[in-house]
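Written below as structure tokens is the structure these notes are about.
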Amino acid sequence: AILPHLGPWGDETLAEAYRLNDPPLVAAAAGVAGTLPPPLLLADRASVVVETVKQAEDGDGIVVRLFESRRRRGEVRFTAGIALASVEQTNLLEDVGTPIATDGRHFSLTLRPFEIATLRLRPQ
């Protein structure tokens with residue numbers, strides 16, 4: 001679908017385009033009531049898009065793929081909705097990567113303009 005908009009392309013335009021082209025799928029779990037859990041991962045910059053969340057191919061943790069969408073460079077601080085034992089930046093094949101320091105809920109990563117990053121999160 002095409003999203004017509006006024007003015008320059010920005011974070012709001014990108015978010016609305018995602019809502020239009022890739023709406024979230026929500027399903028009720030049988031026998032589960034209450035509120036939704038917190039998001040798995042939040043970035044402190046709207047230009048960073050968490051694109052994919054999946055189990056690691058080898059079963060060791062959760063893989064998150066994200067990208068910087070607005071040609072911005074710099075450090076991004078992430079907040080996890082679960083307690084983390086470790087975080088590492090991997091390649092697209094999920095090979096062993098570079099450890100990223102975490103306090104169990106927060107970590108930072110420096111991204112280049114339009115960079116795609118793959119992270120492996122290991123829950124506590």
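The values are calculated or read from the model by the stated rules, or taken from the named source; none is laboratory data. Owing to the predicted nature of the structure, the values given are computational and were not obtained by experimental measurement. When we count neighbours, we look across all protein chains shown, and the Cβ atoms used for this are built from the backbone with ideal geometry, even at glycine. Calculation scope for accessible area: heavy atoms of the full protein, side chains included, ligands and nucleic acids excluded. Shrake-Rupley method; radii C 1.70, N 1.55, O 1.52, S 1.80 Å.
Numbers for the structure displayed
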{"item": "Count of residues meeting criterion [over 18 Å from E75 (Cα atoms), charged (D, E, K, R) and touching a strand residue (DSSP E or B) at 6+ places or on another chain (Cβ under 7 Å)] in the stretch 86-113", "result": "1"}
{"item": "Some residue of the stretch 78-94 being surrounded by 13 or more Cβ atoms within 10 Å (Cβ to Cβ), in contact with a helix residue (DSSP H, G or I) (Cβ under 6 Å, 6 or more places away or on another chain) and without any contact (Cβ under 8 Å) to a residue 40 or more places away in the chain", "result": "no"}
{"item": "Unmet requirement for P8, which otherwise passes all of (1) touching a helix residue (DSSP H, G or I) at 6+ places or on another chain (Cβ under 6 Å); (2) surrounded by fewer than 11 Cβ atoms within 10 Å (Cβ to Cβ)", "result": "(1)"}
{"item": "In the stretch 52-71, the residues that are open to solvent by less than 60 Å² (accessible area, probe 1.4 Å) and part of a loop (DSSP other than H, G, I, E, B)", "result": "A56, G59, G61, S69, R70"}
{"item": "Residues of the stretch 49-77 classified as more than 24 Å from Y18 (Cα to Cα) and either touching a Phe, Trp or Tyr at 6+ places or on another chain (Cβ under 6 Å) or free of Cβ contacts under 8 Å to residues at least 24 places away in the same chain (or both), total", "result": "1"}
{"item": "Selected residue (criterion: modelled with the lowest pLDDT) from residues of the stretch 95-124 that are more than 14 Å from the chain's Cα centre (by Cα), open to solvent by less than 40 Å² (accessible area, probe 1.4 Å) and of a type in the set (G, A, S)", "result": "G97"}
